[in-house]
Amino acid sequence: MEKFQKIVVTGFVYNEGKTLLLKRSSKESFLPEYWELPGGKVNFGEIPEDGLVREYKEETGLEISVGKPFRTFSYVSSDSNRHTVEIVYECFLKGGEVLISDAHSEFAWIAESDIKSLLISEEMSKSVYEGFGVFKK
């Protein structure tokens with residue numbers, strides 16, 4: 001079994017006291033039906049910020065600009081052959097209408113107080129809480 005690493009970028013957009021989360025499709029093999037920030041894998045040779053703009057548009061239909069990274073974490077998949085490094089950025093909404101991809105079943109603009117009621121991973125929950133903290137400064 002070959003081991004590999006991948007880089008994932010996600011974006012926290014703060015809009016009228018809320019942020020956009022997507023619910024992963026029940027067909028996804030990793031964390032089905034969990035809520036997450038929009039984003040995805042950085043292609044080989046791609047600048048992470050450019051990858052985030054591309055992934056955000058593919059997953060949500062929205063156009064964003066990317067600010068500073070505010071959190072980085074990593075994990076090894078349960079099958080132990082994939083090490084993922086995730087970078088979370090502050091992002092700013094430029095325009096568009098939310099149209100989610102097939103990889104997701106729902107979207108919601110959520111307030112900080114809504115996080116506890118969602119099916120969300122511990123690392124993603126930390127990212128969302130920290131994102132609200134970044135924009136409250």
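The values are calculated or read from the model by the stated rules, or taken from the named source; none is laboratory data. None of the values given here were measured: they were computed from a predicted structure. Glycine gets a Cβ as well: all are built from the backbone with ideal geometry, and neighbour counts include every protein chain shown. We work out accessible area using only protein heavy atoms, side chains counted, and drop any ligands, DNA or RNA first. Shrake-Rupley method; radii C 1.70, N 1.55, O 1.52, S 1.80 Å.
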Consider residue 101 carefully, then state whether it is of a type in the set (Ser, Thr, Tyr), closer than 19 Å to residue 32 by Cα and open to solvent by less than 50 Å² (accessible area, probe 1.4 Å). yes
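Determine, yes or no, whether residue 107 is surrounded by 12 or more Cβ atoms within 10 Å (Cβ to Cβ) and at pLDDT below 95.
Working: surrounded by 12 or more Cβ atoms within 10 Å (Cβ to Cβ): yes; at pLDDT below 95: no.
So residue 107 fails the test.
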In this structure, does residue 84 turn out to be farther than 16 Å from residue 16 by Cα, open to solvent by less than 60 Å² (accessible area, probe 1.4 Å) and not charged (D, E, K, R)? yes
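Please specify each residue of the range 1-49 satisfying the condition of being of a type in the set (A, V, I, L, M) and either open to solvent by less than 30 Å² (accessible area, probe 1.4 Å) or in contact (Cβ under 8 Å) with a residue 40 or more places away in the chain (or both). Let's see the steps before the verdict.
Residues of the range 1-49 that are of a type in the set (A, V, I, L, M), as a first pass: 1, 7-9, 13, 20-22, 31, 37, 42, 47.
Of everything in the range 1-49, those that are of a type in the set (A, V, I, L, M) and either open to solvent by less than 30 Å² (accessible area, probe 1.4 Å) or in contact (Cβ under 8 Å) with a residue 40 or more places away in the chain (or both) turn out to be 1, 7, 8, 9, 13, 20, 21, 22, 31, 37, 42.
For the range 81-98, how many residues are in contact (Cβ under 8 Å) with a residue 40 or more places away in the chain and farther than 22 Å from residue 132 by Cβ? Step through it out loud before you land on a result.
Here is the first cut: in the range 81-98, the ones in contact (Cβ under 8 Å) with a residue 40 or more places away in the chain are 81-93, 98.
With farther than 22 Å from residue 132 by Cβ added as a condition, the list becomes 81-85.
Of the residues in that region, 5 qualify.
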Counting only residues in the range 1-56 that are part of a strand (DSSP E or B) and charged (D, E, K, R), the one nearest to the chain's Cα centre (by Cα) is identified as 36
